[in-house]
Amino acid sequence: MKIFFTSKKIRNLSSSLILVFLFSAFILPNLVSATAGVPKIINFQGRLMDSAGNLLGSSSGTPYCYKFSLWDVSTGGTANPDQVWPSAFATPTTMTITTRSGVFDASIGGAGGDTLDYDFQTNNTVYVNVQVAAQVAGSCSGVTFETLDPRPQVVSAGYAINSGTVGGFVPAQSATGNQLPALTSGAIVLGDATAAGIKSTGANPFTIDAGTSGVLNLNNNSTGNILLGGGSASTGCTLTNSTGAFACAAGGTFSTLSLSGAISGATGISSSGTIAFSALSSNGAVYTSGGTGTLTTTAPTSGAIGYWTRTGT
């Protein structure tokens, strides 16, 4: 069912014609971002009368000239800066609409008019500016338009209001609080300044899977480091952003450790499995010197000495 509203003030179309306007507008609050199946059109209806209250337009229909635009003020103002659509304060396209016994039905954003590309999420208080003129010699060229004042406000149908949310929650490209995250240039951005995060509940496992052949990247584009476990560098493991170095506050335990570069340990190196070195060259023993944990192929001359004996050739 359509609900009609009557304007409070009318202006002369000519010395003998007046405009009494009734309208209904049905629009989704997030019209611009609507899916392809939702038409970006406002249905708009009105009635034309002369000063004596006689309906204009024959029963079979008489063409009249109309222009529609959106403004952010209900009365007065100028196209620059008060017109918000068409953009850049452009002059609205003239639409020829058949008026039958005073009644016309316009599709703002529909065929013959301007594309309705206004983002209604930027302003929830906009008004329809309606200009109308009688044709001259069967044409809208050179006619003088009259403007309805005050402008009727664009409103949403009751159930369309919730279309701006998902289950009552508002989507956002930089989600905070109870907002739903939406993609931003191919990535989901969590915008909370202090506690942005993704977590599982209870004992449920949290899994990040790159698939069978994908690459899993943990990347920090800022100067900060990546922390694993513990919540801080003093209790967990740190992947240093600038160098790629990896260290854990409690040390590391590995069943097999294989390194192609150098290795050192300030508090010792131990393993219940195999420690393999590809960068050590020795035909004899490999020593640890002075309790420093440094491995060398040269026997120290002083201090505590420990060594491993080579095997193989």
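What follows is calculated from the coordinates using simple rules that are stated; it is not laboratory data. Source: prediction; values computed, not measured. Here Cβ is always computed from backbone atoms with ideal geometry, including for glycine, and neighbour counts include all displayed protein chains.
Highest mean packing comes first when the peptides 48-59, 210-221 are listed by Cβ atoms within 10 Å, giving 48-59, 210-221. Amide H contacts of Gly57 (H built 1.01 Å from N, in plane; Pro and chain starts excluded): Gly102 sit under 5 Å, all sequence-distant by 5 or more or on other chains. Each label was represented as a point 7 Å from its Cα along the Cα-to-Cβ direction; for Ser174 and Asp119 these points are 1.3 nm apart.
In this simple spin-label approximation, Ala88 and Ser58 carry label points 7 Å from Cα along the Cα→Cβ vector, and these lie 4.1 nm apart. Provide the FRET efficiency to the nearest 0.05 for the Ser185-Thr144 pair, computing r from the beta carbons and using R0 = 51 Å. After rounding, the FRET efficiency stands at 0.60. Placing dummy labels 7 Å off each Cα toward the beta-carbon, the span from Lys40 to Asn217 is 3.2 nm. Estimated from the Cβ-Cβ distance and a Förster radius of 30 angstrom, the FRET efficiency linking Gln135 and Asp72 is about 0.45.
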